[in-house]
Every structure is written in C-alpha cells, then in structure tokens.
Amino acid sequence: MNDPYRISPKNAPGKTSPAGRTATRAVLWLVLTVSAVVNVIANNILTGTAAIGIVAGIVAVGCITGLIISHVSGRRA
C-alpha cells in the first residue's frame, strides 16, 4: 500500500549524497593541509607576520571542526 506521507530514506531531509560528502571532506582536508603549512611557515620562518599565522590557524581550526561534524553526521546516516 502506498503512503503519500511516508518519507523514504533516500528522500529524507538533511541527507547528502555520499559523493557530495566525499567531495566536501576532500576540500576540507586540502584546505586544512594548506592552512597548517602556511601557519607553520608564517610562525617559524617568516618574522613579523603573526597576523597571517593567526588567520591560518583559525582556518585550520574551522576545517577540523568541519571534518568532525562531517564524520559525526556520516555515522548517523
């Protein structure tokens, strides 16, 4: 019997496709790696560029947060 009010698992709100989730994680890992390298270079090699290191550190923390959120939401699916 068809139930027009039933939400099927593939049409559930908040579900993202595995390909979209994989692409998001790949971009987050790439940005995390680049920002970590920039942070290390700005804080250790270059002098007088504390602002660049701080911004790169904030971006890295944001990427880590995004990866954790992506991991936790992927486990519930």
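What follows draws every value from the coordinates through simple rules; no lab data is involved. All of these numbers come straight from a predicted model, not from anything done at the bench. Cβ placement follows ideal geometry from the backbone for every residue including glycine, while neighbour counts extend to all protein chains displayed.
Stretch residue 51-residue 33 to full length: gain in nm at 0.36 nm per residue minus the Cα-Cα span?
4.6 nm
Between residue 65 and residue 5, take the C-beta separation as r, use R0 = 30 Å, and let me know the FRET efficiency to the nearest 0.05. Before the final figure, lay out the partial values.
On the way: r = 36 Å, r/R0 = 1.20.
Here the calculated transfer efficiency is 0.25.
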